[in-house]
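Okay, structure first, notes after.
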2 protein chains.
Amino acid sequence: MKRSGKRKTIYDLSALSGCSPSTVSAVLNGSWRKRRISEKTATLVLKLADSQQYTANRQARGLRRSRSGLVGLLLPLYDNRYFSSLAQTFEAMVRARGECPIVASASRDPRAERETAESLIAYSVDELFICGATDPDGVHEICEKAGLRHVNVDLPGTRAPSVISDNYDGACRLTEAVIRHCAATEPLRPEELYIFGGRDDHASRERLRGFRAVKRTLLGADPDVCIQPTGYSANNTRLAFEAFFAREGRLPRAIIINSTINLEGFLRFMAGFPDAAFKDLVVGCYDYDPFASFLPFPVIMIRQNVEAMLARAFEIIADPAAAAQIHLVAPELVPPRTALAGPLDALKDMPPRPAGRTTDATVAHPA
Amino acid sequence: MKRSGKRKTIYDLSALSGCSPSTVSAVLNGSWRKRRISEKTATLVLKLADSQQYTANRQARGLRRSRSGLVGLLLPLYDNRYFSSLAQTFEAMVRARGECPIVASASRDPRAERETAESLIAYSVDELFICGATDPDGVHEICEKAGLRHVNVDLPGTRAPSVISDNYDGACRLTEAVIRHCAATEPLRPEELYIFGGRDDHASRERLRGFRAVKRTLLGADPDVCIQPTGYSANNTRLAFEAFFAREGRLPRAIIINSTINLEGFLRFMAGFPDAAFKDLVVGCYDYDPFASFLPFPVIMIRQNVEAMLARAFEIIADPAAAAQIHLVAPELVPPRTALAGPLDALKDMPPRPAGRTTDATVAHPA
DNA sequence: GGGGCTTGCACAATCGATGGTGCAACTATT
DNA sequence: AATAGTTGCACCATCGATTGTGCAAGCCCC
């Protein structure tokens with residue numbers, strides 16, 4: 001209120017304390033013992049810094065040291081539970097290391113990915129986690145040119161180490177689980193099991209590969225017509241289901257869906273029918289979403305092990321000798337109607353007030 | 001590959017082009033006409049910058065200009081669809097203005113909020129959107145001291161302009177909708193309608209106020225026992241439902257739930273029972289989640305108008321004369337089984353490949 | 001009491017980009 | 001041809017923090 005002035009600098013503290021700026025700097029960044037600053041001076045400066053609410057200008061420090069203390073996460077998007085839990089977990093891990101997480105999204109667009117990476121580099125991030133990038137190698141090239149340590153997560157590149165889910169294994173287990181779930185009623189025929197969603201990215205390819213392999217093994221055939229790639233778009237997925245329904249007058253008995261984004265497309269289709277229309281449907285879906293797990297038909301989900309993947313990625317990025325190889329992390333099969341704990345459970349919540357009259361509104365509401 | 005060297009600077013370009021660093025700088029930052037640099041020199045430098053892959057060091061520029069081009073969003077958390085869509089929308093809006101979004105989360109902890117704000121200030125963010133902060137005024141003080149423009153979103157403060165949802169109005173509409181939905185079967189009695197979740201924050205208070213007002217008006221009474229605040233914790237919510245069930249041997253006929261996080265707590269409770277146990281339940285819930293909207297019982301949701309709130313917040317933060325007042329934005333009542341479009345629908349997806357054999361895996365899978 | 005060692009700090013260059021100012025070399029004018 | 005005005009650019013201080021180096025004062029010892 002009183003002092004709306006600018007931020008304090010080491011020069012202000014220097015003037016106030018009577019020491020030189022370099023002494024102040026040394027005290028504040030902890031190198032003062034090494035520089036043989038006396039305990040007395042240090043205490044004085046620290047007290048002053050505290051009373052003046054000093055905070056170091058990170059841009060200046062970053063400029064001088066050519067590192068910023070920022071750790072970047074490049075994401076395709078925020079708005080689904082897989083990526084939002086990834087961001088949440090990443091944030092916690094970076095903070096635990098005493099650094100500052102910076103998250104940016106690039107919309108699954110190779111060009112935006114490169115530009116965002118350049119932008120992060122422009123801010124001198126110290127490390128970059130490239131997650132779900134459509135063109136990891138393009139981003140790699142930019143990072144390498146800038147001498148920036150980086151690692152791919154979720155989608156692999158060929159030029160940098162990559163930590164990804166074992167999508168093939170996940171696909172096998174998911175497909176098998178769906179088939180078995182259906183078989184409890186009546187054996188599933190090959191043409192009754194479809195896969196919707198997916199694109200030409202590595203994850204989709206691996207998932208498709210597992211799908212086909214298991215179908216062939218367990219059901220004896222694997223007709224191409226059961227493959228319906230619709231990209232990562234909810235609306236395209238809805239259109240695909242509508243087209244299917246218009247053609248066949250019904251849905252397949254069992255559907256594997258390539259991501260929760262596509263499953264949202266299915267919701268859009270669902271909205272046109274009562275729940276009863278789906279009572280015999282069995283769905284398998286990549287990526288776990290707690291609410292999706294409780295839809296009115298069985299939804300078997302594959303949860304990627306976000307904590308393990310990130311933990312591995314942190315190890316790798318710390319290792320200067322890490323090779324450009326792929327590290328697989330096993331995903332988890334989640335049965336229908338399962339509410340898993342998530343990263344939010346680690347946050348402590350305040351104790352709730354005892355119930356009672358708490359109608360003390362602070363804003364008068366326009367009647 | 002070849003040149004793993006460091007990043008190029010204006011001094012490199014200066015040497016290569018034969019012009020002075022300041023000329024290079026002027027050309028690259030666009031101020032060259034004002035500085036009467038010839039078209040010829042400009043083209044030369046620009047071509048050079050392009051061929052050398054020059055990108056400006058934002059820290060240096062930020063240091064000199066004392067602004068960074070960063071726009072900060074302080075969030076309590078990422079991992080639910082309300083906040084993740086907020087982050088997604090924020091990101092798009094900031095990018096549309098040609099600036100760089102930086103998102104950080106503070107776990108709904110007042111202390112972490114202040115530290116995160118200080119950290120963002122240390123990186124010289126130009127503007128800060130304080131979203132869902134438990135202690136907006138504490139953050140305000142820090143911002144003000146640093147001369148940083150800021151605005152509260154989602155939870156109001158008293159010292160800075162705030163854009164929030166009209167939670168009272170939302171609560172009234174939601175409560176009424178739930179009551180009417182139940183009444184279609186058989187009139188609801190006051191003690192059959194509960195509210196779970198919520199804390200002592202402004203949003204919870206307003207929601208509770210609306211809940212009580214409507215209950216009193218439509219149902220004639222509003223017993224305190226129907227108020228079950230459980231904070232913003234899934235597990236506490238689960239415990240509350242378990243305790244209720246242990247006591248009463250059933251659930252209330254109708255439940256209003258203060259946030260999707262609490263609804264996740266309800267899922268944890270649900271997992272112990274078959275869907276049939278919930279066939280007569282009616283739920284109203286704050287914040288919209290597409291999958292939650294399709295749970296096997298009617299879920300009426302309130303969707304906060306994230307785009308409108310952020311748009312308003314951007315207007316306000318651009319207005320130097322903005323007063324510390326509250327701006328209410330109407331939320332939207334979402335009927336059960338509704339799949340709304342979200343911010344992801346704005347992203348373009350690549351056209352899907354035609355269906356076919358796409359088993360060209362690039363990773364050999366450990367058999 | 002003088003040489004040598006330690007203590008405690010100040011000085012100044014530096015990181016990369018910016019922008020105010022100064023000044024040659026031209027061109028136009030009378 | 002001398003003056004005035006324009007064009008085109010270079011010089012240099014600056015933003016705030018870091019860090020290699022230098023140096024005075026104090027202390028020890030013979």
- Taking A:R3, is it within 11 Å of DNA strand C (Cβ to nearest atom), within 14 Å of chain B (Cβ to nearest Cβ) and either modelled with pLDDT under 95 or more than 30 Å from A:P290 (Cα to Cα) (or both)? no
- Item | Members of region B:34-61 that are within 14 Å of DNA strand D (Cβ to nearest atom) and assigned to a loop (DSSP other than H, G, I, E, B) | B:K34, B:R35, B:R36, B:I37, B:S38, B:A56, B:N57
- Message: Which count do you get for residues in region A:62-91 that are within 11 Å of DNA strand D (Cβ to nearest atom) and touching a Leu at 6+ places or on another chain (Cβ under 9 Å)?
- Response: 2
- Query: Does B:D289 satisfy the criteria of being within 12 Å of chain A (Cβ to nearest Cβ), in contact with a strand residue (DSSP E or B) (Cβ under 8 Å, 6 or more places away or on another chain) and in a loop (DSSP other than H, G, I, E, B)?
  - Reply: yes
- Task: For region B:172-206, name all the residues that are assigned to a helix (DSSP H, G or I) and under 15 Å from B:P229 (Cα atoms).
- Result: B:H202, B:A203, B:S204, B:R205, B:E206
- Task: Run down A:R209, A:R111, A:R180, A:R205 and say which single residue is free of Cβ contacts under 8 Å to residues at least 24 places away in the same chain, within 9 Å of chain B (Cβ to nearest Cβ) and more than 16 Å from the chain's Cα centre (by Cα).
- Result: A:R205
- If A:E144 passes every condition in (1) in a helix (DSSP H, G or I); (2) facing another protein chain (nearest Cβ under 10 Å); (3) under 25 Å from A:I261 (Cα atoms) but one, which one does it miss? (3)
- Message: Regarding region A:322-330, can at least one residue be identified that is within 7 Å of chain B (Cβ to nearest Cβ) and either assigned to a loop (DSSP other than H, G, I, E, B) or modelled with pLDDT of 95 or more (or both)?
- Response: yes
- Long-range neighbours under 8 Å by Cβ, at least six apart or interchain, first residue free of Cβ contacts under 8 Å to residues at least 12 places away in the same chain within region A:12-38, second part of a loop (DSSP other than H, G, I, E, B) and within 9 Å of DNA strand C (Cβ to nearest atom): A:S14/A:S20; A:A26/A:W32; A:A26/A:R35; A:A26/A:I37
- Item | Failed criterion for B:L16 (all others in (1) within 12 Å of DNA strand C (Cβ to nearest atom); (2) surrounded by fewer than 21 Cβ atoms within 10 Å (Cβ to Cβ) hold) | (1)
- Would you check which residues across region A:51-90 are among the β-branched types (V, I, T) and within 19 Å of B:S68 (Cα to Cα) and list them? A:T55, A:V71
- In region B:19-55, what residues are near DNA strand C (Cβ under 8 Å from one of its atoms) and hydrophobic (A, V, I, L, M, F, W, C)? B:V24, B:A26, B:L28
- Scan region B:247-260 and give yes if some residue there is closer than 16 Å to B:C172 by Cα, more than 13 Å from chain A (Cβ to nearest Cβ) and of a type in the set (G, A, S), otherwise no. yes
- Message: Suppose the filter is within 13 Å of another protein chain (Cβ to nearest Cβ) and either more than 29 Å from A:A96 (Cα to Cα) or surrounded by 18 or more Cβ atoms within 10 Å (Cβ to Cβ) (or both); does A:F297 pass it?
- Response: yes
- Task: State all residues of region B:80-100 that are in contact with a helix residue (DSSP H, G or I) (Cβ under 8 Å, 6 or more places away or on another chain), surrounded by fewer than 24 Cβ atoms within 10 Å (Cβ to Cβ) and either among the aliphatic types (A, V, I, L, M) or facing chain A (nearest Cβ under 7 Å) (or both); if no residue qualifies, say none.
- Result: B:A92, B:M93, B:C100
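The values are calculated or read from the model by the stated rules, or taken from the named source; none is laboratory data. Bear in mind that the values here come from a model prediction, so they are computed numbers and not experimental data. Don't worry about glycine lacking a Cβ; one is built from the backbone with ideal geometry, like all the others, and counts go over all protein chains shown.
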